[in-house]
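For reference, the structure is listed below as structure tokens.
The values are calculated or read from the model by the stated rules, or taken from the named source; none is laboratory data. Since the structure is predicted, the reported quantities are computational estimates derived from the model, not experimental observations. Quick reminder, even Gly has a Cβ in these numbers, built from the backbone with ideal geometry, and neighbours come from all protein chains shown. In case anyone asks, the SASA skips ligands and DNA or RNA and just uses the protein heavy atoms, side chains included. Shrake-Rupley method; radii C 1.70, N 1.55, O 1.52, S 1.80 Å.
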Amino acid sequence: MNEDDGLEGVVAAHTVLSEVDGAAGRLVIRGHALGEIAGRWRYEDAVALLFEGFFPGPAPRADALARARREAFERLQPGDAAALGKLPPIEAVRALLARLPDGDDLATALRLVAAPAVYTAAVMRWRLGVPALAPDESLPQAADMLRMLHGRAPSEAQAAALDTYLVTVCDHGLNASTFAARVVASTGAGLASAVLAGISALKGPLHGGAPGPVLDALDAIGSAANARAWLEGAVAGGQRLMGFGHRIYRVRDPRADALKAALRRLSAEGGVDASRFALAEAAEHAALAILREQKPGRALETNVEFYTALLLEALGFGRESFTCVFAAGRVSGWIAHAREQVQKGRLIRPQSVYVGPAPEKERDAPALAH
Ligand code: ACO
């Protein structure tokens, strides 16, 4: 490893939470292959799975998460719409999360799992100049998130599609945001601090900020016939194609398939713009061909963000909110990893190699010796 590496190949944790097999394109979440749970489980089931053994007492029930949504909503203040509605949504959600108290107990954890869903819906409504809607405690979290956003109950297919997304992204090994959350948790700072570290890392375009730009690219491409020329120009101009490539996967990201399957199911219910879906497939096809031609030494495949963009767009989330929705899923993974790190009881403190100048006196010393 040299100092320019991004810690590739460095093992920084042993975890029971998830395994990312980049060569086989396989994701296992606590003993379940992604395909066993994505499209079948509600988000609440994934939270219970991830939290098992990390908090005393029985697994959290759906009604406890629903109550936590209400508690998160009650922390909103009258001036928030004006002040926070102007910020990029991820910054507004981060600011609201920063109000939540630190702690290491289940109540703190559930509030933090509930909050990104509540605050994303609120922030997106404020941007439209309409008031935030209180949670409906009778609904599961995915359905309620869509209801709080749109002001009407979603169809079963829409709620199931969002559940598929949230379950698909709930945990993914030691990605940048999870590592950040573990580092902060290892200091004993508490779960809210760990989640804030996670969301701050997630925000970047190389991690959780990619799906919005995927749609920007599709808009610029415009038609299937233009896909190859546009994408070739982008790569020739030194741009990275958003939604492609991954630090760990050297084959197709299994989450891309889980989300494409969700899109197909939603499409069968008439919930997806067919021409948009066709354009995306044409762009994906062209992008993969171009990356194979122009980066032959690299295995650059479709990653989770490509079909995330299509799915969240079909569910009516504005593209500027996509990273917030990602946080609403990944937050349970951050918390489980934070608890696992706390249980290990070891501060994360790696070393660095100093390559700067020596103090002046020491630099002179060899010369004086002569
Ligand atoms: N488009 C064009 N070229 C790419 C892409 C891409 N999407 N991804 C990697 N490359 C190129 C780099 O320019 C570099 O080329 P070079 O060696 O000629 O300079 C080479 O491939 C680097 O490949 P890797 O080592 O595999 O990539 P790295 O691990 O550095 O980056 C990353 C991984 C950040 C995800 C990258 O593929 C990327 O920027 N993708 C686009 C953004 C994106 O989709 N992010 C979401 C990732 S999924 C997630 O975090 C949830």
*For Val167, are the conditions met, namely being among the β-branched types (Val, Ile, Thr), on the phi < 0 side of the Ramachandran plot, surrounded by fewer than 24 Cβ atoms within 10 Å (Cβ to Cβ) and part of a helix (DSSP H, G or I)?*
no
*From Gly31, Gly9, Gly25, which residue is within 16 Å of the ligand (Cβ to nearest atom), farther than 22 Å from Phe322 by Cβ and open to solvent by 60 Å² or more (accessible area, probe 1.4 Å)?*
Gly9
*Which is more than 8 Å from the ligand (Cβ to nearest atom) and either open to solvent by 50 Å² or more (accessible area, probe 1.4 Å) or in a helix (DSSP H, G or I) (or both), of Gly198, Gly204?*
Gly198
_Every residue from segment 147-157 that is buried (at least 20 other Cβ atoms within 10 Å of the Cβ) and more than 22 Å from the chain's Cα centre (by Cα)_ = Pro154
*Give the residue, chosen from Ala107, Ala117, Ala132, Ala160, that is under 18 Å from Glu71 (Cα atoms) and either under 19 Å from the mean Cα position of the chain (by Cα) or loosely packed, with under 15 Cβ neighbours inside 10 Å (or both).*
Ala117
*asked:* Can you pull out every residue in segment 11-70 that is among the charged types (D, E, K, R) and not in a strand (DSSP E or B)?
replied: Arg30, Glu36, Arg40, Arg42, Glu44, Asp45, Glu52, Arg61, Asp63, Arg67, Arg69, Arg70
*Which residue, of Arg94, Arg99, Arg69, is open to solvent by less than 30 Å² (accessible area, probe 1.4 Å) and among the basic types (Lys, Arg)?*
Arg69
*Considering every residue within segment 333-340, establish whether at least one is within 13 Å of the ligand (Cβ to nearest atom), assigned by TED's automatic domain parsing to the domain that holds Gly53 and buried (at least 17 other Cβ atoms within 10 Å of the Cβ).*
yes
*Failed item, numbered, when Leu27 is tested on (1) free of Cβ contacts under 8 Å to residues at least 12 places away in the same chain; (2) within 20 Å of Asp171 (Cβ to Cβ)*: (1)
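One line per residue, one yes/no per condition, for (1) closer than 21 Å to Ser186 by Cα; (2) over 19 Å from the mean Cα position of the chain (by Cα):
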| position | (1), (2) |
| --- | --- |
| Val16 | yes, yes |
| Leu27 | no, no |
| Trp41 | no, no |
| Leu50 | yes, no |
| Ala59 | no, yes |
*Quick one: would you say Ser177 is within 11 Å of the ligand (Cβ to nearest atom), polar (S, T, N, Q) and either crowded, with 20+ Cβ neighbours inside 10 Å or in a helix (DSSP H, G or I) (or both)?*
yes
_Can you say whether Leu218 is over 16 Å from the mean Cα position of the chain (by Cα), within 15 Å of the ligand (Cβ to nearest atom) and either assigned to a helix (DSSP H, G or I) or acidic (Asp, Glu) (or both), as far as the supplied structure shows?_
yes
*Restricting to segment 270-313, what's the tally of residues that are under 20 Å from Leu166 (Cα atoms) and either open to solvent by 40 Å² or more (accessible area, probe 1.4 Å) or not in a helix (DSSP H, G or I) (or both)?*
5
